[in-house]
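Everything on this sheet refers to the single structure shown next.
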Amino acid sequence: MSLLNSYRVCPGHWTLGPDIKGVWSRCLTPEDHHDTQVLMMPEMLLSHIDLSLRFLPMLCGVTAQMLEEGSTLLRRMEICVAEAEKRNGKNTVNMQETFTVYLVETRPMDAVAEGRNQAPDSLWRRYSEFELLRNYLLVTYPYIVVPPLPEKRAEFVWHKLSADNMDPDFVERRRVGLENFLLRVASHPVLSNDKILHHFLIEEHGWKEVVYETGFQAKADSRLRALSATFRVRNPDKRFMEMKHYSDELQSHTSQLLRARARVADRLYGVYKVHGNYGRVFSEWSAMEKEMGDGLQSAGHHMDAYAASIDDILEEEEHYADQLKEYLFYAEALRAVCRKHELTQFEFEMASQELVSKKQQHEELSTGIVRTFSFKGMTNKLFGQEAPEQREARLKLLEDLIAEGEEDVQEKTVECGEHVERAWVDMHRFKEQKDKDLREALINYAVMQISMCKKGIQMWSNAKECFLKM
């Protein structure tokens, strides 16, 4: 389904599309027609809004660029993280450590389509290498909601589940999460074409050097700068402010849901295991009964089987919990895009303010009329005006600084505008993905719970039949 075919006009606020519930859309008012930050609108809105023709190429161009740039890697390559393996080795400070490596396998899609049983290319990667790849993507594509990695250490666990990051069950879930991360990146219309991603998938040695040669670490925005921009920016895009608030709410609700699920799992485990006591009592009781013995023993077997089934049930539940955790971590990725907007907007405002200040100084120096108090103006009054040569030199310097400032403002304007354009498109893509994934996960979780309840009813029905035969 097209990204641009899922919206409905609703004046002045976010609205739900008829096909994709909860997808955001922002409706234009007449004064918005010349708002350079309103760059992406769905096709359905164009029939309702007299949008200036100069924005139409941006509408189609940015969307087409982001949709046509990629989505091709998974069409050309089959990707999986096949297995995990525990290893021992020395770390950077020459101390012995135990770590886990993951086998990444790739195979050309044309070989799969033709039915050729071609052996996949394979290489081993550590979790830290996945982290390096994601950090590179975050810096290189600040306008994209970069898929998150699975948790490094278990969170929101119920008490019977091991929190050890070397536990086999946890390592297996993390293997699935790392594969999901690679599939998310490889199916993204922009990220899938990145050369570093290709190096990660096919070059076992030397790919780190290629990453560091890009200089992405020097481009990374410091957290202090981003925090400063958050509090000092004057005119951030309201849509990004709402998106940032939404990401906070998404994180809050998913974390609450995961905590509630962990508490329920604890109690459910206890309820199921208590049924094992029924089984023990009925089995012991059957030994002293002649006519009732067979019925009691059969009922005890049903109780024992029911009590033992909880382990598989909760293991399946962890799969749905991991899907929720992915979007818990996605919330931070969404905030990162919003913080980058605040930072680019703040830098634009600072450059604009500096340019206005230089122009005002030039005007005051050229006319001799001082509009604001300055230390320089006070010294001129006390000690006389500066020489004409000095004045001309200062005017020339200010003119050069104004030219540089205008160029800087122009660059910041383009940078801020491009970030808004691209980020807004990718946020729409993320919203569609989130709605689809969470809807499917919650439905499947409900189906699993219904199935579990039916098994309980069936167990007691079988026990009833056993009692009737006594």
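The values are calculated or read from the model by the stated rules, or taken from the named source; none is laboratory data. Fair warning: this is a prediction, and the values are worked out from it, not measured in the lab. Glycine gets a Cβ as well: all are built from the backbone with ideal geometry, and neighbour counts include every protein chain shown. Calculation scope for accessible area: heavy atoms of the full protein, side chains included, ligands and nucleic acids excluded. Shrake-Rupley method; radii C 1.70, N 1.55, O 1.52, S 1.80 Å.
Of all residues being under 28 Å from residue 413 (Cβ atoms) and among the charged types (D, E, K, R) in region 320-349, which is most open to solvent (accessible area, probe 1.4 Å)? Just the residue, please.
The qualifying residue most open to solvent (accessible area, probe 1.4 Å) is 339.
Kindly indicate whether any position in region 424-435 is acidic (Asp, Glu) and either open to solvent by 60 Å² or more (accessible area, probe 1.4 Å) or more than 30 Å from residue 254 (Cβ to Cβ) (or both). No, region 424-435 has no match at all. For the residues 317, 354, the requirement of being of a type in the set (D, E, K, R), surrounded by fewer than 18 Cβ atoms within 10 Å (Cβ to Cβ) and in a helix (DSSP H, G or I) singles out 354. The residue list 245, 198 contains one member that is at pLDDT 90 or above, part of a helix (DSSP H, G or I), open to solvent by 40 Å² or more (accessible area, probe 1.4 Å) and closer than 24 Å to residue 136 by Cβ, which is 198. Tallying residues that are in contact (Cβ under 8 Å) with a residue 12 or more places away in the chain, of a type in the set (Gly, Ala, Ser) and either open to solvent by 80 Å² or more (accessible area, probe 1.4 Å) or part of a helix (DSSP H, G or I) (or both) within region 201-220 yields 0. Pairs linking a residue in region 438-455 that is open to solvent by 80 Å² or more (accessible area, probe 1.4 Å) to a residue that is among the small types (Gly, Ala, Ser), with Cβ atoms under 8 Å and 6 or more positions apart or on different chains, are 455/309. Residue-level check: of (1) touching a residue at least 40 places away in the same chain (Cβ under 8 Å); (2) open to solvent by less than 30 Å² (accessible area, probe 1.4 Å); (3) under 49 Å from the mean Cα position of the chain (by Cα), residue 296 misses just (3). Within region 412-423, the set of residues being open to solvent by less than 50 Å² (accessible area, probe 1.4 Å) and not small (Gly, Ala, Ser) comprises 412, 416, 419, 420, 421. Going by the structure shown, is residue 161 modelled with pLDDT of 90 or more and of a type outside the set (Gly, Ala, Ser)? For residue 161, the condition - modelled with pLDDT of 90 or more and of a type outside the set (Gly, Ala, Ser) - is not met.
For residues that are open to solvent by 40 Å² or more (accessible area, probe 1.4 Å) and either touching an Asp or Glu at 6+ places or on another chain (Cβ under 9 Å) or free of Cβ contacts under 8 Å to residues at least 40 places away in the same chain (or both), tally how many sit in region 299-311.
So the count comes out to 4.
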